[in-house]
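Read through the structure below, which is laid out as C-alpha cells, and then see the notes.
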Amino acid sequence: MGKTGVDKAAWDAVVSKADSAVSSISKPTINDLGKTTLKRFKKVIETQKTLVNTVESFKNVSKTDTQKMKQVAENIVNEDKQASRTFEQNTTKVRFK
C-alpha cells in the first residue's frame with residue numbers, strides 16, 4: 001500500500017512561495033497634486049488612498065491565511081500520526097479463528 005498523507009515540506013514551500021509573492025507587492029504611490037479644488041483630481045487622490053488601503057488589507061489577510069495554512073499542514077501531520085498509532089494498536093488486537 002502506498003504512503004498517504006501530506007508532504008509537509010512541499011506544502012510549506014508552496015505556501016511560503018505564495019506568501020513571498022504577496023509580500024513582494026509594492027505599496028502603490030499616491031501622486032501629490034498639491035492644492036487643487038478640481039473634483040476629478042480629488043477623486044484620483046481618494047482612489048489612490050483606497051488602493052493603498054486595499055493592498056495593505058490584502059497583504060494582512062494573506063499573511064493570516066499563510067499562518068492558517070501552515071497550521072493546517074501541522075494538524076494533518078499530527079492527526080495522521082495519531083491515526084497510524086491507533087491503526088497499529090488495533091491490528092495487534094485482531095485475532096483470527
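The values are calculated or read from the model by the stated rules, or taken from the named source; none is laboratory data. Given the structure is predicted, the values throughout are model-derived calculations rather than measurements. Glycine gets a Cβ as well: all are built from the backbone with ideal geometry, and neighbour counts include every protein chain shown.
Here Lys42 passes the criteria (1) over 23 Å from Gln71 (Cβ atoms); (2) part of a loop (DSSP other than H, G, I, E, B) except the one numbered (2). Residues in the stretch 48-64: is at least one surrounded by 12 or more Cβ atoms within 10 Å (Cβ to Cβ) and in contact (Cβ under 8 Å) with a residue 40 or more places away in the chain? Looking through the stretch 48-64, at least one residue is surrounded by 12 or more Cβ atoms within 10 Å (Cβ to Cβ) and in contact (Cβ under 8 Å) with a residue 40 or more places away in the chain. The set of residues from the stretch 18-39 being hydrophobic (A, V, I, L, M, F, W, C) and within 30 Å of Met69 (Cβ to Cβ) comprises Ala18, Ala21, Val22, Ile25.
Among the residues of the stretch 16-33, is any of a type in the set (Lys, Arg) and touching a residue at least 12 places away in the same chain (Cβ under 8 Å)? Looking through the stretch 16-33, at least one residue is of a type in the set (Lys, Arg) and touching a residue at least 12 places away in the same chain (Cβ under 8 Å). Filtered by the rule that a residue be closer than 30 Å to Gln82 by Cβ and assigned to a loop (DSSP other than H, G, I, E, B), the stretch 1-39 gives Met1, Gly2, Lys3, Thr4, Gly5, Val6, Asp7. If the condition is being among the charged types (D, E, K, R) and modelled with pLDDT under 80, then the stretch 1-44 contributes Lys3, Asp32, Lys35. Of note, Lys68 does not satisfy the criterion of being of a type in the set (Lys, Arg) and at pLDDT below 95. Any residue that is more than 19 Å from Val6 (Cβ to Cβ), at pLDDT below 85 and part of a helix (DSSP H, G or I) - is there at least one of those in the stretch 78-89? Yes, the stretch 78-89 has at least one match.
Among the residues of the stretch 69-97, those that are under 19 Å from Val15 (Cα atoms) and surrounded by 11 or more Cβ atoms within 10 Å (Cβ to Cβ) comprise Met69, Lys70, Val72, Ala73, Glu74, Asn75, Ile76, Val77. Scanning the stretch 6-20 for residues that are of a type outside the set (Asp, Glu) and in contact with a Ser or Thr (Cβ under 9 Å, 6 or more places away or on another chain) yields Val15, Ser16, Ala18.
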